[in-house]
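What follows is a single structure, written as structure tokens, with notes after it.
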Amino acid sequence: MGPSGPEQRLPRRSRSGGEWRSTCEMTTQNARELTEESVEARLAELLGQERFTPPAEFSDDAEISDPQLRARAAADPVAYWAEQASGLRWSTPWERVLDDDDAPFFRWFEGGRINVSDNCLDRHVEAGLGDRVAYHWHGEEGETRDITYAELLDRTARFAGALKELGVGQGDVVGIYLPMIPEVVVAMLACTRIGAVHNVVFGGFSAGSVAERMEVSGAKVLVTTDGARRKGKTAPVKPEVDRTMGQLAPLEKIVVVRNTGIDVPMTEGRDVWFDEVVAAAEPAAPEPMDAEAPLFILYSSGSTAKPKGIQHTTGGYLTGVSTTHRQVFDLKADDVYFCSADVGWITGHSYIVYGPLANGVTSVMYEGAPDYPHKGIWWQLIEQRKVTKFYTAPTAIRACMKWGVEHVAPHDLSSLKLLGSVGEPINPKAWLWYWHVIGGENCPVVDTWWQTETGAIVITTLPGIDAAKPGSAGTPLPGYEVQVLDPETGEQVTEGEGLLAIPRPWPSMLRTLYQDPDRYRSTYWNRFGESTYFVGDSARIDGDGYIWVIGRVDDVINVSGHRLSTAEVESAIVAHPQVAESAVVAKADDLTGQAIVAYVTLQGGTDPSDAVVAEINAAVADRIGKLARPKRIVFTQDLPKTRSGKIMRRLLRDIAEGRDLGDTTTLADPTVVDTLKDRWDAGA
Ligand code: ATP
Ligand code: MG
């Protein structure tokens, strides 16, 4: 496995270039024989199948086909990562691969200099790939724009030049608060080009939470938009930004992308239009950055605690995301890749922007919500763009299950070759639905476990060689070591349950929490010492070394001395055909220490028959045991979720234990908790 850049791996394809152009393609209808009954019957058949080996056709042509790769990497992980890093273009080679003298403040590729935008853009254009489409962008009203690598480079270099003219230099923080439009990628890459540190805030957050993040990160410039579209409505953004951001002292300039064209106030001397500064700017050259120069700050989703400002650096991060993207998604020259995340999350950073661009791949980028303009929009895009690799989250898969196969059936999804999942444990029923309904039982499903902190995928199955077990993420990728440790003794568990830990540094790991090295130490490096990263998830490891993530450490429930996993109880509940989704939490109980409370959404309605309640209880008793039966089940229309789609179990615990609700700023829909509180109080 010699070092090779993507230009060697991905042969040239020609696409017509030119201006960002609009296209309108017809969708061919190619109905599949899918009905709720046929799917339910098939899933029942598959439910007992423990292993799913990769289809032979897939394995024969896989990017990683050497079953010994893990063992070879494990023999010398530092050398392995150095080999991966040498596939990138460095302006100065590193002197030392890993510096672990000051653990837990690890440093990778010390002495090396590299520029991220150079690797994502210039390198490909110089290799003759300028005409390749980087993004097929689709707007929510059906508009499309194709952006080639050459065009993306041109705009990035110009916007980087504009930022410099606005006074941004190396190490300065630039806030980015934009919807899913191509300019968000331009803004991120432009920062990396001149060594500015971006802090992207998800476009769905309120301007108030943006202001808070801009303040704590001392952002000098904010890149935002006039307005954003969401499900057919236009929301003004700039006026909101003005209202909340006006008083921030360090914020010198606001760059506004003309997106919806609505009239917005501009403050003389502070606010500038993106298109005007881009048109006027001299393109900036990529600046060679220290491998350890900060690349970005990103706040974690806040499902367990107040969001943490996670800081990543340049060389190691790019090495991690480019390597894992290529291996896990089995990249090929003619791939069309579609990740449904938002760029405002780590999944968007690593697997919409940096991984795909570093590998020179063509992606689909969708502006809208998964159910707008209709609930089959993703499948329509996959058919239209002949998407080969698709990456989404279990919560989205469960939503699609709830909406019904009639939204999938009309679409020809035969271009798909691989499916990915990320964000939380995927329950076997959802895994099987994804495999059968979306993948046509032809596509390996990779369940990828990782965190904002890890920067890149850590645990999954290598799609060409590993069998998948629904519900298990798989085993660590080459170059990583992951252990399950006994919570009491810290001893390694070879088969059984414990706490997930990473006993060796890896290139794309977080380097610190922004301006809070003490919280960095205490959050991750206290539990097992300064060289073993404490993940914060509990997991089970089976006899094949497969890891089954159970959930957050806080999510394990202790009923009468029995440790039960919330994920397992939830899995038993959602196996009921009428249940769409469920979240299980612990409530303090005089008798049993903790008792189980289940919040359940049903397919259609919130008022179950007594029979359904009895069936749910019976299913839990049958699969796990009588003591896992919920003490109380609350039926609800919706569960409180973060904007990235994760269930906020800490709020559900607050409701169950009658506490005031903690930080709710990262909730997608704050009204959901109020309704739930009412239902709880009403004894519903
Ligand atoms: P915070 O740390 O602020 O509470 P968060 O942990 O939700 O937020 P992320 O970094 O986005 O923020 O999420 C990482 C977590 O998501 C992991 O620690 C794990 O609990 C869960 N997770 C991600 N992918 C998977 C997966 N494939 N299987 C199981 N769990 C997963
Ligand atoms: Mg976390």
Taking strands (runs of 3 or more DSSP E) that fall entirely within the range 252-365, which contain at least 2 residues that are more than 16 Å from ligand 2 (Cβ to nearest atom) and at pLDDT 95 or above? 253-257, 271-273, 294-299, 336-339
Inspect all residues belonging to the range 653-669 and state whether any of them is surrounded by 18 or more Cβ atoms within 10 Å (Cβ to Cβ), closer than 17 Å to P577 by Cβ, at pLDDT 90 or above and touching an Asp or Glu at 6+ places or on another chain (Cβ under 9 Å). no
Any idea which of G496, G490 is farther than 16 Å from F106 by Cβ, out of contact with any Gly (no Cβ under 9 Å at 6 or more places or on another chain) and of a type outside the set (S, T, N, Q)? G496
Within the range 194-212, tally of residues that are touching an Asp or Glu at 6+ places or on another chain (Cβ under 7 Å) and assigned to a helix (DSSP H, G or I): 2
Only one of (1) within 12 Å of ligand 1 (Cβ to nearest atom); (2) in contact with a helix residue (DSSP H, G or I) (Cβ under 8 Å, 6 or more places away or on another chain) is not met by P478, so which one is it? (1)
In the list V278, V321, V237, V264, which residue meets the criterion of being within 16 Å of ligand 1 (Cβ to nearest atom), surrounded by 16 or more Cβ atoms within 10 Å (Cβ to Cβ) and not basic (K, R)? V321
Members of the range 113-135 found to be crowded, with 22+ Cβ neighbours inside 10 Å and assigned to a strand (DSSP E or B), listed by number: I114, V133, A134, Y135
So in the range 410-449, with the set limited to residues that are free of Cβ contacts under 8 Å to residues at least 40 places away in the same chain and within 11 Å of ligand 1 (Cβ to nearest atom), which one is farthest from L298 (Cα to Cα)? D447
All-but-one check, V185 against (1) assigned to a helix (DSSP H, G or I); (2) out of contact with any helix residue (DSSP H, G or I) (no Cβ under 9 Å at 6 or more places or on another chain); (3) among the hydrophobic types (A, V, I, L, M, F, W, C); (4) at pLDDT 95 or above, failing number (2)
Quick one: is A682 hydrophobic (A, V, I, L, M, F, W, C) and at pLDDT below 90? yes
Filter the range 649-684 down to residues that are outside any loop (DSSP other than H, G, I, E, B) and within 16 Å of ligand 2 (Cβ to nearest atom) and give me whichever is nearest to V597 (Cα to Cα). R649
Sort out which residues of the range 481-504 are within 13 Å of ligand 1 (Cβ to nearest atom) and either without any contact (Cβ under 8 Å) to a residue 40 or more places away in the chain or touching a Leu at 6+ places or on another chain (Cβ under 9 Å) (or both), and write them in order of number. V482, L499, L500, A501
Have a look at R511, R527 and point out the one that is buried (at least 16 other Cβ atoms within 10 Å of the Cβ) and away from ligand 2 (no atom under 15 Å from the Cβ). R511
For the structure I just gave you, tell me whether Y391 is touching a strand residue (DSSP E or B) at 6+ places or on another chain (Cβ under 9 Å) and not in a helix (DSSP H, G or I). yes
Check whether at least one residue in the range 102-116 is at pLDDT 95 or above, within 18 Å of F159 (Cα to Cα) and not assigned by the TED database to the domain that holds Y533, and report yes or no. yes
Which of the residues spanning the range 101-141 are closer than 30 Å to S531 by Cα, in contact (Cβ under 8 Å) with a residue 40 or more places away in the chain and over 26 Å from the mean Cα position of the chain (by Cα)? A103, E110, G111, G112, R113
Would you check if there is a residue in the range 61-81 being within 27 Å of P517 (Cβ to Cβ), in contact with a Lys or Arg (Cβ under 8 Å, 6 or more places away or on another chain) and not in a loop (DSSP other than H, G, I, E, B)? yes
Those residues of the range 302-327 that are of a type in the set (A, V, I, L, M) and either farther than 14 Å from G455 by Cβ or free of Cβ contacts under 8 Å to residues at least 12 places away in the same chain (or both) come to a total of 1
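The values are calculated or read from the model by the stated rules, or taken from the named source; none is laboratory data. These figures come from a predicted structure and were not determined experimentally. Note that we place each Cβ from the backbone using ideal geometry, even for glycine, and neighbour counts take in every protein chain shown.
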